[in-house]
Amino acid sequence: MSGADGAAAGRGPIPDRIDPATLEWLELAAPADAFDEPALTRIHRYVAVANAVTQAFWGDDSHDTTVDEILASLTGDEDEDTRRLLAVHEGRDVARAVASVAREEGSSVGYVSAWVVPDARGRGIGRAVATRIEEVARSIGATTLQAWVDHRAPAEGEEAVAAVSGHGAVAADAAARLLRSLGYALEQVDRISVLDVEAARGALEGHRAAALAAAGDDYAVRSWSGRTPPELAEGLAALHGRMVTDAPAAGLDVDDETWDVARLERSERQQEASGLELVQAIAVHVPTGEPVAFTWLAVPADGRPAYQEDTLVHAEHRGHRLGMLVKAENLLQLGRLHPDRARILTWNAEENRPMLAVNEALGFVPVGAEGGWQRRLARPGGAGTPGA
(Lines give C-alpha, C1' and ligand atoms only; values in the text may rest on other atoms or scores of the structure.)
Protein backbone atom coordinates (compact mmCIF):
# COMPACT_ATOMS: atom_id res chain seq x y z
CA MET A 1 0.00 0.00 0.00
CA SER A 2 1.38 3.44 -0.88
CA GLY A 3 2.40 6.10 1.65
CA ALA A 4 -0.64 8.14 0.67
CA ASP A 5 -3.06 5.50 1.90
CA GLY A 6 -1.07 3.12 4.06
CA ALA A 7 -0.61 2.93 7.80
CA ALA A 8 2.00 5.07 9.51
CA ALA A 9 3.60 2.23 11.49
CA GLY A 10 6.69 2.02 9.27
CA ARG A 11 8.73 -0.89 8.00
CA GLY A 12 11.53 -1.44 10.46
CA PRO A 13 14.22 0.85 11.93
CA ILE A 14 15.02 4.20 10.36
CA PRO A 15 18.53 4.36 8.82
CA ASP A 16 21.14 6.52 10.55
CA ARG A 17 21.07 8.96 7.61
CA ILE A 18 18.19 9.66 5.26
CA ASP A 19 18.55 10.66 1.63
CA PRO A 20 16.06 13.54 1.21
CA ALA A 21 15.15 12.10 -2.20
CA THR A 22 13.61 9.10 -0.43
CA LEU A 23 11.08 11.21 1.50
CA GLU A 24 7.51 11.23 0.23
CA TRP A 25 5.61 14.50 0.61
CA LEU A 26 1.86 14.35 1.19
CA GLU A 27 -0.07 17.61 1.18
CA LEU A 28 -3.19 17.94 3.29
CA ALA A 29 -6.42 19.00 1.62
CA ALA A 30 -9.90 19.76 2.89
CA PRO A 31 -12.07 16.63 2.74
CA ALA A 32 -14.68 16.68 0.00
CA ASP A 33 -17.26 15.50 2.54
CA ALA A 34 -17.55 13.58 5.81
CA PHE A 35 -16.85 10.31 3.96
CA ASP A 36 -13.61 11.37 2.27
CA GLU A 37 -11.54 8.78 4.11
CA PRO A 38 -8.19 9.34 2.31
CA ALA A 39 -8.19 13.07 3.19
CA LEU A 40 -9.43 12.45 6.74
CA THR A 41 -6.90 9.67 7.35
CA ARG A 42 -4.07 11.94 6.21
CA ILE A 43 -5.23 14.67 8.60
CA HIS A 44 -5.33 12.20 11.50
CA ARG A 45 -1.81 11.05 10.67
CA TYR A 46 -0.61 14.65 10.52
CA VAL A 47 -2.14 15.38 13.93
CA ALA A 48 -0.49 12.26 15.40
CA VAL A 49 2.93 13.48 14.20
CA ALA A 50 2.35 16.98 15.58
CA ASN A 51 1.31 15.67 18.98
CA ALA A 52 4.21 13.23 19.20
CA VAL A 53 6.51 16.25 18.94
CA THR A 54 4.75 18.55 21.42
CA GLN A 55 4.16 15.81 23.98
CA ALA A 56 7.84 14.84 23.87
CA PHE A 57 8.85 18.47 24.47
CA TRP A 58 6.26 19.43 27.09
CA GLY A 59 5.68 16.09 28.75
CA ASP A 60 1.89 16.34 28.52
CA ASP A 61 -0.95 17.13 26.08
CA SER A 62 -1.16 20.84 26.89
CA HIS A 63 0.00 21.85 23.41
CA ASP A 64 -1.82 19.17 21.43
CA THR A 65 -3.29 19.84 18.00
CA THR A 66 -6.75 18.44 17.27
CA VAL A 67 -8.28 17.15 14.08
CA ASP A 68 -11.01 19.79 14.39
CA GLU A 69 -8.38 22.55 14.43
CA ILE A 70 -6.79 21.29 11.23
CA LEU A 71 -10.15 20.82 9.53
CA ALA A 72 -11.15 24.37 10.47
CA SER A 73 -7.90 25.71 9.04
CA LEU A 74 -8.27 23.78 5.79
CA THR A 75 -11.84 24.92 5.21
CA GLY A 76 -11.48 28.47 6.56
CA ASP A 77 -8.65 29.66 4.34
CA GLU A 78 -10.01 33.03 3.18
CA ASP A 79 -7.33 35.07 4.95
CA GLU A 80 -4.23 32.84 4.78
CA ASP A 81 -2.76 30.59 2.11
CA THR A 82 -1.55 27.70 4.27
CA ARG A 83 0.12 24.53 3.01
CA ARG A 84 0.54 21.52 5.32
CA LEU A 85 2.83 18.61 4.45
CA LEU A 86 3.31 15.16 5.93
CA ALA A 87 6.77 13.64 5.32
CA VAL A 88 6.88 9.86 4.97
CA HIS A 89 9.90 7.56 4.82
CA GLU A 90 9.30 3.97 3.71
CA GLY A 91 5.74 4.00 5.03
CA ARG A 92 6.59 5.72 8.31
CA ASP A 93 5.34 9.23 9.09
CA VAL A 94 8.47 11.08 10.23
CA ALA A 95 7.67 14.81 10.09
CA ARG A 96 5.12 17.47 9.41
CA ALA A 97 5.62 20.96 8.00
CA VAL A 98 3.60 24.14 7.50
CA ALA A 99 4.00 27.26 5.36
CA SER A 100 1.55 30.16 5.51
CA VAL A 101 1.34 33.58 3.88
CA ALA A 102 -1.48 36.07 4.34
CA ARG A 103 -3.68 36.54 1.27
CA GLU A 104 -3.85 40.31 1.72
CA GLU A 105 -2.26 42.17 -1.18
CA GLY A 106 1.37 43.00 -0.53
CA SER A 107 1.93 40.30 2.08
CA SER A 108 5.44 38.86 2.02
CA VAL A 109 6.06 37.19 5.39
CA GLY A 110 5.93 33.41 5.28
CA TYR A 111 5.44 31.56 8.55
CA VAL A 112 7.18 28.20 8.39
CA SER A 113 7.41 25.25 10.75
CA ALA A 114 9.10 21.84 10.49
CA TRP A 115 8.72 19.15 13.18
CA VAL A 116 10.38 15.72 13.20
CA VAL A 117 9.11 12.91 15.44
CA PRO A 118 11.56 12.16 18.28
CA ASP A 119 12.72 8.72 17.09
CA ALA A 120 13.56 10.02 13.60
CA ARG A 121 15.85 12.87 14.65
CA GLY A 122 19.57 13.13 14.01
CA ARG A 123 19.27 11.67 10.51
CA GLY A 124 19.08 14.80 8.37
CA ILE A 125 15.29 14.79 8.16
CA GLY A 126 14.91 18.16 9.90
CA ARG A 127 17.12 19.94 7.39
CA ALA A 128 15.37 18.24 4.48
CA VAL A 129 11.91 19.18 5.77
CA ALA A 130 12.98 22.76 6.54
CA THR A 131 14.41 23.15 3.03
CA ARG A 132 11.25 21.75 1.44
CA ILE A 133 8.86 23.98 3.38
CA GLU A 134 10.99 27.04 2.60
CA GLU A 135 10.51 26.24 -1.08
CA VAL A 136 6.77 25.97 -0.54
CA ALA A 137 6.68 29.33 1.29
CA ARG A 138 8.59 30.99 -1.53
CA SER A 139 6.15 29.51 -4.08
CA ILE A 140 3.19 31.19 -2.34
CA GLY A 141 4.81 34.61 -2.20
CA ALA A 142 7.10 34.74 0.83
CA THR A 143 10.20 36.91 0.66
CA THR A 144 10.80 36.78 4.43
CA LEU A 145 10.61 33.57 6.43
CA GLN A 146 9.73 33.44 10.12
CA ALA A 147 9.72 30.37 12.34
CA TRP A 148 8.33 30.30 15.89
CA VAL A 149 9.98 27.49 17.82
CA ASP A 150 9.59 26.13 21.36
CA HIS A 151 12.81 26.15 23.38
CA ARG A 152 13.91 25.85 26.96
CA ALA A 153 15.07 28.99 28.67
CA PRO A 154 18.85 28.62 29.12
CA ALA A 155 20.03 27.36 32.49
CA GLU A 156 22.80 29.24 34.28
CA GLY A 157 26.11 28.56 32.57
CA GLU A 158 24.46 26.82 29.60
CA GLU A 159 25.21 27.83 26.02
CA ALA A 160 22.50 30.22 24.88
CA VAL A 161 21.40 32.22 21.86
CA ALA A 162 20.49 35.81 22.68
CA ALA A 163 17.81 37.66 20.76
CA VAL A 164 19.01 40.37 18.38
CA SER A 165 16.61 42.72 20.19
CA GLY A 166 18.62 42.33 23.40
CA HIS A 167 15.59 40.96 25.24
CA GLY A 168 15.64 37.29 26.18
CA ALA A 169 17.56 34.21 25.09
CA VAL A 170 16.95 30.53 24.36
CA ALA A 171 19.00 27.42 24.99
CA ALA A 172 21.33 26.58 22.10
CA ASP A 173 19.47 23.33 21.40
CA ALA A 174 19.28 21.26 18.22
CA ALA A 175 16.53 23.44 16.74
CA ALA A 176 18.53 26.61 17.40
CA ARG A 177 21.64 25.11 15.83
CA LEU A 178 19.73 24.04 12.72
CA LEU A 179 18.07 27.43 12.28
CA ARG A 180 21.35 29.30 12.63
CA SER A 181 22.99 26.99 10.08
CA LEU A 182 20.16 27.80 7.67
CA GLY A 183 20.76 31.54 8.02
CA TYR A 184 18.02 32.47 10.51
CA ALA A 185 18.55 35.04 13.26
CA LEU A 186 16.76 35.02 16.60
CA GLU A 187 14.93 38.34 16.42
CA GLN A 188 12.51 37.99 19.35
CA VAL A 189 11.88 35.76 22.36
CA ASP A 190 8.43 35.17 23.81
CA ARG A 191 8.18 34.08 27.41
CA ILE A 192 5.79 31.13 27.78
CA SER A 193 4.03 31.34 31.15
CA VAL A 194 1.40 29.35 33.01
CA LEU A 195 -1.18 30.47 35.55
CA ASP A 196 -2.46 28.26 38.35
CA VAL A 197 -6.07 29.43 38.17
CA GLU A 198 -7.06 28.28 41.65
CA ALA A 199 -4.10 30.03 43.26
CA ALA A 200 -4.88 33.26 41.38
CA ARG A 201 -8.63 33.26 41.96
CA GLY A 202 -8.61 34.87 45.40
CA ALA A 203 -6.80 38.01 44.21
CA LEU A 204 -8.69 38.61 40.96
CA GLU A 205 -11.53 40.71 42.36
CA GLY A 206 -8.98 42.96 44.06
CA HIS A 207 -7.01 43.35 40.83
CA ARG A 208 -10.18 44.24 38.93
CA ALA A 209 -11.32 46.74 41.57
CA ALA A 210 -7.93 48.46 41.65
CA ALA A 211 -7.80 48.64 37.85
CA LEU A 212 -11.34 50.06 37.67
CA ALA A 213 -10.40 52.74 40.18
CA ALA A 214 -7.27 53.63 38.19
CA ALA A 215 -9.24 53.76 34.93
CA GLY A 216 -11.80 56.17 36.35
CA ASP A 217 -15.20 57.08 35.00
CA ASP A 218 -14.01 57.35 31.39
CA TYR A 219 -13.73 53.55 31.04
CA ALA A 220 -16.07 50.61 31.55
CA VAL A 221 -15.50 46.86 31.18
CA ARG A 222 -17.63 44.30 29.33
CA SER A 223 -17.23 40.55 28.96
CA TRP A 224 -18.97 37.69 27.16
CA SER A 225 -18.54 34.14 25.94
CA GLY A 226 -18.75 33.27 22.25
CA ARG A 227 -19.00 35.64 19.32
CA THR A 228 -18.75 39.39 19.62
CA PRO A 229 -22.05 41.26 20.08
CA PRO A 230 -22.95 43.08 16.83
CA GLU A 231 -22.79 46.56 18.36
CA LEU A 232 -19.13 45.97 19.35
CA ALA A 233 -17.92 44.15 16.24
CA GLU A 234 -16.65 47.13 14.24
CA GLY A 235 -14.67 48.57 17.15
CA LEU A 236 -13.20 45.21 18.13
CA ALA A 237 -12.22 44.46 14.52
CA ALA A 238 -10.30 47.74 14.45
CA LEU A 239 -8.42 46.73 17.61
CA HIS A 240 -7.49 43.37 16.08
CA GLY A 241 -6.09 45.26 13.10
CA ARG A 242 -3.80 47.24 15.41
CA MET A 243 -2.12 44.09 16.77
CA VAL A 244 0.48 44.14 14.00
CA THR A 245 1.32 47.82 14.49
CA ASP A 246 0.98 48.26 18.27
CA ALA A 247 2.38 44.98 19.61
CA PRO A 248 6.20 44.76 20.05
CA ALA A 249 7.80 43.09 17.03
CA ALA A 250 11.54 43.59 17.65
CA GLY A 251 13.28 43.23 14.25
CA LEU A 252 10.64 41.01 12.69
CA ASP A 253 9.11 42.04 9.38
CA VAL A 254 5.35 42.56 9.73
CA ASP A 255 2.64 42.51 7.08
CA ASP A 256 -0.19 44.99 7.45
CA GLU A 257 -3.57 43.46 8.21
CA THR A 258 -6.96 44.91 7.37
CA TRP A 259 -9.66 43.82 9.78
CA ASP A 260 -13.35 44.51 9.32
CA VAL A 261 -16.49 42.96 10.76
CA ALA A 262 -16.51 40.20 8.14
CA ARG A 263 -12.95 39.16 9.01
CA LEU A 264 -13.71 39.19 12.73
CA GLU A 265 -16.72 36.96 12.10
CA ARG A 266 -14.61 34.56 10.00
CA SER A 267 -11.98 34.36 12.72
CA GLU A 268 -14.53 33.64 15.43
CA ARG A 269 -16.30 31.03 13.30
CA GLN A 270 -12.99 29.27 12.72
CA GLN A 271 -12.21 29.23 16.44
CA GLU A 272 -15.60 27.68 17.14
CA ALA A 273 -15.15 25.12 14.35
CA SER A 274 -11.81 24.21 15.97
CA GLY A 275 -13.67 23.21 19.13
CA LEU A 276 -12.61 26.29 21.07
CA GLU A 277 -14.88 28.49 23.17
CA LEU A 278 -14.06 32.19 23.03
CA VAL A 279 -14.09 34.02 26.38
CA GLN A 280 -13.65 37.73 25.79
CA ALA A 281 -13.41 41.03 27.64
CA ILE A 282 -13.01 44.63 26.49
CA ALA A 283 -12.63 48.09 27.96
CA VAL A 284 -14.91 50.72 26.46
CA HIS A 285 -14.08 54.43 26.33
CA VAL A 286 -17.31 55.80 27.78
CA PRO A 287 -17.27 59.27 26.09
CA THR A 288 -17.02 57.70 22.60
CA GLY A 289 -18.45 54.24 23.20
CA GLU A 290 -15.45 52.72 21.39
CA PRO A 291 -13.62 49.58 22.52
CA VAL A 292 -10.05 50.58 23.38
CA ALA A 293 -8.65 47.40 24.96
CA PHE A 294 -9.40 43.73 24.53
CA THR A 295 -8.32 40.26 25.55
CA TRP A 296 -9.57 36.78 24.82
CA LEU A 297 -9.10 33.24 26.00
CA ALA A 298 -9.42 30.13 23.83
CA VAL A 299 -10.90 27.31 25.89
CA PRO A 300 -10.63 23.75 24.53
CA ALA A 301 -13.53 21.44 25.20
CA ASP A 302 -11.49 18.54 26.51
CA GLY A 303 -10.13 19.93 29.76
CA ARG A 304 -6.71 20.98 28.49
CA PRO A 305 -5.34 24.36 29.63
CA ALA A 306 -7.02 27.48 28.33
CA TYR A 307 -4.88 29.65 26.07
CA GLN A 308 -4.49 33.36 26.73
CA GLU A 309 -4.53 34.79 23.22
CA ASP A 310 -4.23 38.41 22.06
CA THR A 311 -4.37 41.28 24.52
CA LEU A 312 -4.07 44.86 23.31
CA VAL A 313 -4.55 48.33 24.74
CA HIS A 314 -4.93 51.07 22.11
CA ALA A 315 -1.77 53.19 22.13
CA GLU A 316 -3.76 56.37 22.83
CA HIS A 317 -5.36 54.86 25.94
CA ARG A 318 -2.39 53.35 27.73
CA GLY A 319 -1.45 54.31 31.27
CA HIS A 320 -4.91 53.64 32.76
CA ARG A 321 -4.36 50.00 33.80
CA LEU A 322 -6.73 48.80 31.09
CA GLY A 323 -4.59 45.73 30.41
CA MET A 324 -5.02 44.57 34.00
CA LEU A 325 -8.71 45.49 33.90
CA VAL A 326 -9.62 43.35 30.90
CA LYS A 327 -7.43 40.43 31.95
CA ALA A 328 -8.76 40.29 35.51
CA GLU A 329 -12.34 40.57 34.26
CA ASN A 330 -11.82 37.80 31.74
CA LEU A 331 -10.22 35.47 34.28
CA LEU A 332 -13.14 36.02 36.63
CA GLN A 333 -15.50 35.22 33.77
CA LEU A 334 -13.54 32.04 33.03
CA GLY A 335 -13.94 31.03 36.67
CA ARG A 336 -17.70 31.49 36.46
CA LEU A 337 -18.01 29.56 33.19
CA HIS A 338 -15.36 26.88 33.77
CA PRO A 339 -14.61 26.53 37.49
CA ASP A 340 -12.72 23.28 36.82
CA ARG A 341 -10.18 24.84 34.41
CA ALA A 342 -6.87 24.54 36.25
CA ARG A 343 -4.27 26.22 34.03
CA ILE A 344 -3.85 28.99 31.47
CA LEU A 345 -0.91 29.27 29.07
CA THR A 346 0.23 32.56 27.57
CA TRP A 347 3.00 34.00 25.38
CA ASN A 348 4.52 37.50 25.76
CA ALA A 349 7.45 39.22 24.07
CA GLU A 350 10.30 39.65 26.55
CA GLU A 351 10.50 43.36 25.66
CA ASN A 352 6.80 43.85 26.42
CA ARG A 353 7.48 44.82 30.03
CA PRO A 354 4.05 46.38 30.73
CA MET A 355 2.15 43.21 29.78
CA LEU A 356 4.65 40.97 31.54
CA ALA A 357 4.15 43.05 34.70
CA VAL A 358 0.39 42.50 34.49
CA ASN A 359 0.85 38.76 34.06
CA GLU A 360 3.36 38.53 36.90
CA ALA A 361 0.98 40.37 39.20
CA LEU A 362 -1.78 37.92 38.24
CA GLY A 363 0.46 34.97 39.13
CA PHE A 364 1.79 33.73 35.78
CA VAL A 365 5.16 31.97 36.06
CA PRO A 366 7.57 31.20 33.17
CA VAL A 367 7.78 27.63 31.89
CA GLY A 368 9.59 28.01 28.57
CA ALA A 369 10.53 30.24 25.69
CA GLU A 370 9.42 30.59 22.09
CA GLY A 371 11.95 31.93 19.62
CA GLY A 372 10.94 34.16 16.72
CA TRP A 373 13.52 33.34 14.02
CA GLN A 374 13.77 35.22 10.73
CA ARG A 375 15.52 34.92 7.38
CA ARG A 376 15.06 37.27 4.45
CA LEU A 377 15.19 35.57 1.08
CA ALA A 378 17.05 36.85 -1.93
CA ARG A 379 14.83 39.03 -4.12
CA PRO A 380 14.84 38.59 -7.86
CA GLY A 381 17.74 40.62 -9.23
CA GLY A 382 19.35 41.15 -5.83
CA ALA A 383 20.70 39.45 -2.77
CA GLY A 384 18.76 38.97 0.41
CA THR A 385 20.16 39.53 3.85
CA PRO A 386 19.95 36.37 5.93
CA GLY A 387 18.64 37.12 9.39
CA ALA A 388 19.01 40.88 9.00
Would you tell me the accessible area of R304, worked out with a 1.4 angstrom probe on the heavy atoms of the protein chains, in Å² to the nearest 10? 10
Which value, in Å², gives the accessible area per residue of the chain when a 1.4 Å probe is used on the protein heavy atoms? 45
Charge dipole of the chain about the Cα centre (unit charges at C-beta), most positive-ward option of A99, Y184, T144: Y184
Residues of segment 332-358 with amide N under 11 Å of a point placed 7 Å along Cα→Cβ from R318: 352-355
Lys and Arg at +1, Asp and Glu at -1: neighbours of Q333 with Cβ under 14 Å from its Cβ sum to +3
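With viscosity set to 0.890 mPa s and temperature to 25 °C, compute the Stokes-Einstein D of segment 237-388, Rh being the Kirkwood radius across alpha carbon pairs; µm²/s, no decimals. It would help to have the intermediate numbers written out before the result.
Working: Rh = 17.4 Å.
Approximately 141 µm²/s, per Stokes-Einstein.
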Heavy-atom accessible area of E370 with all protein chains present, probe 1.4 Å, nearest 10 Å²? 40
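How large a share of the accessible area of segment 120-159, in percent, is made up of carbon and sulfur atoms when the probe is 1.4 Å and the other protein chains stay in place?
47
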Check V94: other-chain or 5+ apart residues with amide H under 5 Å from its amide H, H built from backbone geometry? A87, V88, H89
Looking at segment 52-168, what % of its DSSP beta bridges pair antiparallel, to the nearest 5? 85
Suppose R0 equals 51 Å. What FRET efficiency, 1/(1 + (r/R0)^6) with r the Cβ-Cβ distance, do D61 and T288 give to the nearest 0.05? 0.70
Please work out the Cα convex hull volume for segment 204-269 and give it in Å³ per residue. 144
Positive-pole candidate from H285, A273, A238, dipole of segment 214-299, charges at beta carbon: A273
Starting from the residue with the highest accessible area, list T258, T82, T144 in decreasing order, probe 1.4 Å. T258, T82, T144
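What percent antiparallel are the DSSP beta bridges of the chain, to the nearest 5?
In the chain, approximately 90 percent of DSSP beta bridges are antiparallel ones.
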List the residues whose amide H sits under 5 Å from the amide H of Y219, counting only those 5 or more places along or on another chain, with H placed 1.01 Å from N in the peptide plane. V286
Per the C-alpha gyration tensor (a ≥ b ≥ c, the square roots of its eigenvalues), segment 135-285 is rounded if a/c is under 1.5, else prolate if a/b beats b/c, else oblate; here it's oblate
Sum up the charges of everything whose Cβ sits under 12 Å from the Cβ of Q280, counting Lys and Arg as +1 and Asp and Glu as -1, but leave Q280 out. -2
Which whole-Hz ³J(HN,Hα) couplings does segment 32-45 yield from phi under the Karplus relation 6.51 cos²θ - 1.76 cosθ + 1.60, θ = phi - 60°, glycine and proline marked x? 5, 6, 5, 10, 7, 4, x, 5, 5, 4, 4, 5, 4, 5
For E257 and D119, extending 7 Å from Cα along the Cα-Cβ vector and measuring point to point gives, in nm, a value of 3.9
Dipole size in debye (nearest 20) for the chain around its Cα centre, Lys and Arg Cβ +1, Asp and Glu Cβ -1? 880
Here the net charge surrounding D150, from other residues whose Cβ is less than 14 Å away from its Cβ (Lys, Arg +1; Asp, Glu -1), is -3
Per-bin percent of Cα-Cα distances, the chain [10 Å]: 5, 21, 31, 27, 12, 3, 0
May I ask you to evaluate 6.51 cos²θ - 1.76 cosθ + 1.60, the Karplus curve with θ = phi - 60°, for each residue of segment 215-230 and list the ³J(HN,Hα) values in order in whole Hz, giving x for glycine and proline? 5, x, 6, 6, 10, 10, 10, 9, 9, 6, 10, x, 6, 5, x, x
Could you tell me how far the Cα centroid of segment 202-223 sits from the Cα centroid of segment 262-312, in Å? 19
Taking the convex hull of the alpha carbon atoms in segment 17-146, what volume per residue do you get, in Å³? 114
Student exercise, segment 271-388 dipole from Lys, Arg, Asp, Glu Cβ charges, in Debye to nearest 20: 320
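The values are calculated or read from the model by the stated rules, or taken from the named source; none is laboratory data. The model shown is predicted, which means the values in this text are computed figures rather than measured ones. With ideal geometry, Cβ positions are generated from the backbone for all residues, glycine too; neighbour counts draw on all protein chains shown. SASA here: full protein model, heavy atoms, side chains in, ligands and nucleic acids out. Shrake-Rupley method; radii C 1.70, N 1.55, O 1.52, S 1.80 Å.
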